[in-house]
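Structure first, then comments.
None of the figures in this text is laboratory data; all of them are computed from the coordinates on show. If you're wondering where the values come from, they're calculated on a predicted model, not measured in any experiment. A quick note on method: Cβ atoms are made from the backbone with ideal geometry, for glycine too, and the neighbour counts reach across all protein chains shown.
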Amino acid sequence: MRQIALLTKEEEVEISKRIELGEDIIIDAFCSVPFLIDFILDYKEPLINRERRVKELFKSFEDESENENEDGEEDIDEEDEENEENETPKKSAKNDKRAEKVIESFKALEKAKKEWLKTANKQDKVESDDTASKMTLAFKKKILKEKLMDLGPTSKLISEIVKSMETALKSDDEFDRELKRLEYRLPMFSDELKKNHKSILKDIIKLSKEEIAARVPEATMVSTYVEIKKLFTTKEASKQGFDLEPARLKEILEQIKRGKKISDEAKARMAKSNLRLVVSIAKRYTNRGLPFLDLIQEGNIGLMKAVDKFEYRKGYKFSTYATWWIRQAISRAIADQARTIRIPIHMIETINRINKINRKYLQEEGKEPDVSVIAKEVGLSVDKVKQVIKITKEPISLEAPIANEEDGKFGDFVEDKTSLSPIDQILKSDLREQ
């Protein structure tokens, strides 16, 4: 790590501009092929129905798990803890708001695409070379790019699009191999299921998702058939060359790959230059249930998220921005993995505060503080503090060995209240003999 130099603010801006350049090249390539915009628009329904996670595909939407308690909310809502029914309306409202935002963004993209196509078709019919019509077309394409930029396609989505374009350029043998790979996921144990599968494949391009669901025996098969439909649609589009010549299609594919390479290299440099920051933050979270190397790995995941979301135009240094993401990733990992029974992140923060008060009081007074003292310091009720302390207790295995004895187990010392005591057993035995 010491071999990699730390970045100055100017170098961070330069790298961010490289990332932006790579993404701009990719978006420009997408906006040259109407089919690719349609490919992106096809994700609307899976996102609304929560079949795909938003943050996997688009940067501009914040996933529900990303936002959950991200401010380190420390107060415990007793009603939420005790009555899960109260969470349902909140989640429902959140999901509705999320779906609304997805629909709105996709509508804007679809509208921009239609206007761009309308202008392009009009220019093709007239076959005009005047500057005004070219400028109008360039302006419409710029709007389309802006709408797509607003969504912010992730590396995962770009990889899926690249794969679809490569499939379009594949031979029939490669297409068949990809189809067999998807078919392998379908349970086709009887002749009836195989016959049904063939009839679905025959009409797969025309079928909607609802029609596919009505024709398959299991709901779990629908998503696989949707992927198969996408494969056939892509192959069909390849016959028409995505409305482009094969040479032009290859050129656009190379443009996407070139932009991705520029962006990925810049992101890798930004991440590598800040690995020391991850280590320094991870050191503060040792002895909390996760090995140090695992903490670093989780911190690296947070660092990569920070690289993706960093906005250099706001003027602050990358390290300032990345610190929160690294801490968040490590805290979430500790909450999810460190304990047998998971504790929510906002509870972890409260537990840490209580432990800090305990240590401080023990050092100053020589004894552990009373629950009422802790409650006053933390700003919670006594009952809530008792609840938190109760949660912090680690579960013990009944098979845990006692001291160095090989045969002794913790479970042997736990009272069995259902069995009779030795005296009762003797009395019962005597009565039976009499």
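Tabulated values for the structure
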item	result
Amide H contacts under 5 Å for PHE58, placed H, 5+ residues apart	THR154
Options [x] 22.7; [y] 27.3; [z] 28.2 - which one matches Kirkwood radius over Cα pairs in Å as calculated here	[y]
Helix axis angle, 292-309 relative to the chain longest principal axis, alpha carbon, degrees	30 degrees
Residue (of LEU36, VAL226, ALA138) at the positive-pole extreme of the chain, dipole from beta-carbon charges	ALA138
Projected label distance in nm at THR154 and ARG181, using a 7 Å step from Cα toward the beta-carbon	2.0 nm
LYS409 long-range amide H proximity, modeled H, under 5 Å	ILE402
Span from the the range 280-303 Cα centroid across to the the range 323-378 one, whole angstrom	17 Å
FRET efficiency estimate (nearest 0.05) - Cβ-Cβ, MET188 to LYS261, R0 56 angstrom	0.90
Chain lengthening between GLU51 and GLU210 when straightened (0.36 nm per residue, less Cα-Cα)	55.8 nm
Helical contribution to [θ] at 222 nm, DSSP H n ≥ 4, -39,500 (n - 2.57), averaged over the chain, rounded to 500	-22000 deg cm²/dmol
Proximal lysines to LYS428, defined as alpha-carbon separation beneath 20 angstrom and excluding residues fewer than eight positions away on the same chain	LYS417
Filter on LYS230/LYS260; LYS114/LYS202; LYS141/LYS250; LYS163/LYS261; LYS122/LYS142; LYS230/LYS309 - keep pairs with C-alpha separation over 25 Å	LYS114/LYS202; LYS230/LYS309
Angle between the chain longest axis and helix 382-392 axis [Cα atoms, degrees, rounded to 10]	80 degrees
Length gained when the stretch LYS101-ARG432 is fully extended (0.36 nm per residue, less Cα-Cα span)	111.5 nm
Cα-based helix-to-principal-axis angle, 172-183 vs the chain, degrees rounded to 10	30 degrees
Gain upon complete extension [SER397, ASN196; 0.36 nm per residue less C-alpha separation]	67.3 nm
Förster radius 51 Å - calculated FRET efficiency between THR131 and LYS309 (Cβ-Cβ, nearest 0.05)	0.85
ASP24 paired with LYS356, simple spin-label distance in nm, labels 7 Å along Cα-to-beta-carbon	4.4 nm
Debye, to nearest 20: dipole size of the range 181-231, +1 on Lys, Arg Cβ, -1 on Asp, Glu Cβ	220 debye
Simple Cβ-charge dipole of the range 346-434, Lys/Arg +1 and Asp/Glu -1, about Cα centre, in debye nearest 20	740 debye
Local net charge near GLN255, Cβ-Cβ under 13 Å (Lys/Arg +1, Asp/Glu -1)	+1
Charge dipole magnitude, Cβ of K and R +1, D and E -1 - the chain, Cα centre, debye nearest 20	2200 debye
Signed unit charges on C-beta, dipole axis of the chain, positive-most listed residue ASN49, ILE343, ILE256	ILE256
Along each principal axis, Cα extent of the range 169-232, largest first, Å	32, 25, 18
18 Å cut-off, amide nitrogen to a point 7 angstrom out along GLU110 Cα→Cβ, residues in the range 14-43	34-43
